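**Q** Structure incoming, see below.
The values are calculated or read from the model by the stated rules, or taken from the named source; none is laboratory data. Everything numeric in this text was worked out from a predicted model, so none of it was measured. Here the Cβ positions follow ideal geometry from the backbone for every residue, glycine too, while neighbour counts run over all protein chains shown.
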Ligand code: 7TS
C-alpha cells in the first residue's frame, strides 16, 4: 500500500477545524487543497518578479516570462506532450472545451454530421456541443452506461458511421468514478476519421497520463483539481489539430500582425492566449506538477485505488446506503457517490458538515447521468493524495450518526 500520510503536513488547511472537529476534506473532485509549495510559488512570483509576460525588455518581465513558459514546459513533460507548444493555457476545463467546440466544431461541422458523447459527461462537455449544434445543425448522439456503470460500447457499432466527426468523452466521471473507454473510442474514431476530445478534469489529477499513448486529439484539464490554483487549465492538442483550430478570442498577444480590416495570428500556443494570461496561476500549476511528480503519478493512482477500495468496503457496512459506481476500485476513480435511504443528499451533507466532513451534494453538473441513475441528487465523497483511511472511518461514523438523526435506527 502507498502511504502518503506524511504529505498532510504540506497542506495548511488540513489542520483547521470545522464545527469543532478537525476538517475531513472529501471534496477534491470539486477542487483540491493546495500544498505550501504551490502557495509559495505564487507568493514568490508576486513578491519578486511580478510583471507582464512576453512584453517588456526589462528584467522582471523576462523573469516572469521565463517562469510562465517554464510552467508550460513542466506541464508538457507531465503529460508527455511532443512539445510545450502543444500546451495551451486556458481558464480551466470548461473554457478549453468551449474553445474546441467553437474553434474546431464551428468550423468543421456541417448539417448531418454527428458528435458522439456519453451520458456520463459533465455539463461542460455537453452544453458547448449543444450550442454548436444550434449553429451547425449537427446531431448529438450519446453512449449509455451499462448496469455496472461502464460506458456501453456494445452500442458503438450501431451508432458509429462516417457522419461522426468528433467523439468527446470524460476520462473519469466526477459522479460514479467510471473510467472513460478512451483507447476503444480512439480506435473507433480512427475507423471513421473522427477526432477524439478527452475531458481529463478528473483523469489527469489522478492517473499517470501520456498523451502519446492516449492517442486522442485533444486533452483538457483544470489546475485547481490537481493541487494548483483556480483560473488556470490546459488544452493540449496534437500540433496539427492546433493548427486547424481557429482562435475564439481576439486581442493582444494572439496576433502576428493587425491591419485595419484583418489580422494574422501568432503561432500556437499564443494564438489561443489572447490578453494577459493567468501568470501567477500558471506558475502555481507548474509547482503543483512538480509536487505530483515528486510523489509519482503511479503512487498517486495506487493511493487512490487503495482509499477508494477501503471506502467502498466500509460504506457497504452502512445500512440502507446505495453507492452509484463500479465496485472494482482498480477499474474506477475516487469519486464515490451515494444515497442514504431516501434522505436528500443535501441533508446528509449538512449533517456530515456538523462533524467537520466536507462532501458535495447535488447533481454534480451531470444531470443526464443523474436521470440515468434515477436520482435527483447524490452525496459524493472524493479523495486525493492527502486523504487517509482515518478520513473514511470518520465519514462512516458520521453517516451512522446521521442515520440516528433521521430516525433510521428506530
Ligand atoms: N469535467 C469534469 C469531468 C469535471 O468533473 C469538471 C468539474 C469539469 C469538467 C469542469 O471543470 P472546471 O474546472 O472548468 O469547472 N467538476 C466539478 C465537480 O465534480 N464538482 O465541482 C466541479
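**Q** If I filter the stretch 5-21 for residues that are in a loop (DSSP other than H, G, I, E, B) and under 22 Å from residue 172 (Cβ atoms), do I get at least one hit?
**A** No, the stretch 5-21 contains no residue that is in a loop (DSSP other than H, G, I, E, B) and under 22 Å from residue 172 (Cβ atoms).
**Q** Of the conditions (1) surrounded by fewer than 19 Cβ atoms within 10 Å (Cβ to Cβ); (2) in contact (Cβ under 8 Å) with a residue 60 or more places away in the chain; (3) closer than 20 Å to residue 381 by Cβ, residue 25 clears all except one; give me its number.
**A** The failed condition is (1).
**Q** Please indicate, with yes or no, whether at least one residue in the stretch 40-62 is within 16 Å of the ligand (Cβ to nearest atom), buried (at least 21 other Cβ atoms within 10 Å of the Cβ) and outside any loop (DSSP other than H, G, I, E, B).
**A** no
**Q** Condition (residue is crowded, with 21+ Cβ neighbours inside 10 Å, more than 16 Å from the ligand (Cβ to nearest atom) and under 17 Å from the mean Cα position of the chain (by Cα)) applied to the stretch 87-100: is it met by at least one residue?
**A** yes
**Q** Now for a separate question. Among (1) surrounded by fewer than 24 Cβ atoms within 10 Å (Cβ to Cβ); (2) under 20 Å from residue 204 (Cα atoms); (3) within 16 Å of the ligand (Cβ to nearest atom), where does residue 76 come up short?
**A** (3)
**Q** Determine whether residue 217 is crowded, with 23+ Cβ neighbours inside 10 Å, at negative phi and touching a strand residue (DSSP E or B) at 6+ places or on another chain (Cβ under 9 Å).
**A** yes
**Q** Any idea which of 131, 140 is within 21 Å of residue 366 (Cα to Cα), more than 16 Å from the ligand (Cβ to nearest atom) and surrounded by fewer than 17 Cβ atoms within 10 Å (Cβ to Cβ)?
**A** 140
**Q** Which residues, taken from the stretch 12-23, are touching a helix residue (DSSP H, G or I) at 6+ places or on another chain (Cβ under 8 Å) and either assigned by TED's automatic domain parsing to the domain that holds residue 287 or under 18 Å from residue 284 (Cα atoms) (or both)?
**A** 12
**Q** Would you mind finding the one in 247, 229, 208 that is modelled with pLDDT of 95 or more, away from the ligand (no atom under 16 Å from the Cβ) and within 15 Å of the chain's Cα centre (by Cα)?
**A** 208
**Q** Still on this structure, please answer the following. The conditions are (1) within 25 Å of residue 236 (Cα to Cα); (2) within 16 Å of the ligand (Cβ to nearest atom); (3) surrounded by fewer than 23 Cβ atoms within 10 Å (Cβ to Cβ), and residue 172 fails exactly one of them. Which is it?
**A** Evaluating residue 172 over (1) within 25 Å of residue 236 (Cα to Cα); (2) within 16 Å of the ligand (Cβ to nearest atom); (3) surrounded by fewer than 23 Cβ atoms within 10 Å (Cβ to Cβ) leaves (3) as the failure.
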